[in-house]
Amino acid sequence: MSTKTVEILANTRIFSGLSKAELKKIDGLMTGLTIKAGKEFISEGTPGRQAFVIIEGTATVRRGASVVATVGPGDILGEMSVIAGLPTVASVRADTDLEVEVLTSRELSSLLDEVPRISKKIMVGVLTRLHELEPGLIR
């Protein structure tokens with residue numbers, strides 16, 4: 001369990017409504033991973049089976065040929081696809097070596113079954129995040 005990861009999770013829109021104990025539960029399910037610079041680790045249109053929380057490093061997010069964002073420590077990627085079971089909407093390539101924490105859809109699903117009250121908090125976080133990404137979509 002990493003205090004740094006819990007702090008990062010607490011500052012993401014998706015998980016910001018969770019208690020410290022709930023954040024620690026999520027952190028306990030995550031697996032640390034190093035992703036080498038240049039590797040595409042999320043491919044647009046593929047099933048989203050993992051959410052990535054960037055601990056160190058930077059990556060570029062693309063939709064088609066367009067760069068839509070550069071992300072770094074504290075950013076979470078792939079979370080909406082993991083939660084909704086939908087294909088990813090963008091590709092992400094590591095600009096530098098990345099240190100990430102990974103949460104799989106299976107782990108998240110098991111947590112939501114075990115602690116249902118977390119579901120509502122995450123749903124609010126997802127809708128807030130969706131509104132940030134696509135302001136005209138939710139009114």
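Values in this text are rule-based calculations from the coordinates and carry no lab data. Please read these numbers as outputs of a predicted model, since none were measured by experiment. Neighbour counts are summed over all protein chains in view; Cβ atoms, including those assigned to glycine, are modelled from backbone coordinates with ideal geometry.
Does the chain classify as rounded, prolate or oblate by the C-alpha gyration tensor (a ≥ b ≥ c root eigenvalues; a/c under 1.5 gives rounded; else a/b over b/c gives prolate, otherwise oblate)?
Values: a/c = 1.65, a/b = 1.21, b/c = 1.36.
Since a/c reaches 1.5 but b/c is at least a/b, the shape of the chain is classed as oblate.
Can you tell me the length gained on complete extension of the stretch residue 96 to residue 58, counting 0.36 nm per residue apart and subtracting the Cα distance? Mind dumping the intermediate values first?
On the way: separation 38, 0.36 × 38 = 13.68 nm, distance 0.57 nm.
13.1 nm is the gain from fully extending residue 96 to residue 58.
From most to least packed by mean Cβ count within 10 Å, the peptides 99-109, 30-40 give 99-109, 30-40. Which number gives the lysine pairs in the chain that have C-alpha atoms under 23 Å apart and are eight or more places apart or on different chains? Total qualifying Lys-Lys pairs in the chain comes to 11.
Sorting check: for 13-22, 111-120, which peptide has the highest mean count of neighbouring beta carbons within 10 Å, and how do the rest follow? Can you show the working numbers first?
On the way: 13-22: 16.6, 111-120: 12.9.
My ranking of the peptides, most packed first, is 13-22, 111-120.
Candidates 74, 102, 18 compared by Cα position along the dipole of the chain: farthest toward the positive end lies 18, with charges placed on Cβ. Here region 6-88 is treated with +1 on each Lys and Arg Cβ and -1 on each Asp and Glu Cβ, and its dipole about the Cα centre works out to around 100 debye.
Only counting other Cβ atoms within 10 Å, I'd like 4, 121 sorted with the fewest neighbours first.
Details: 4 12, 121 17.
Ordered from fewest to most neighbouring Cβ atoms within 10 Å, 4, 121 come out as 4, 121.
Got the relative contact order for region 1-125 handy, in percent, Cα pairs under 8 Å and 6 or more residues apart?
Numbers: 256 pairs, mean separation 42.8, N = 125.
For region 1-125, the relative contact order is 34 percent.
Placing unit charges on the Cβ atoms only, positive for Lys and Arg and negative for Asp and Glu, gives the chain a dipole magnitude near 340 debye about its Cα centre.
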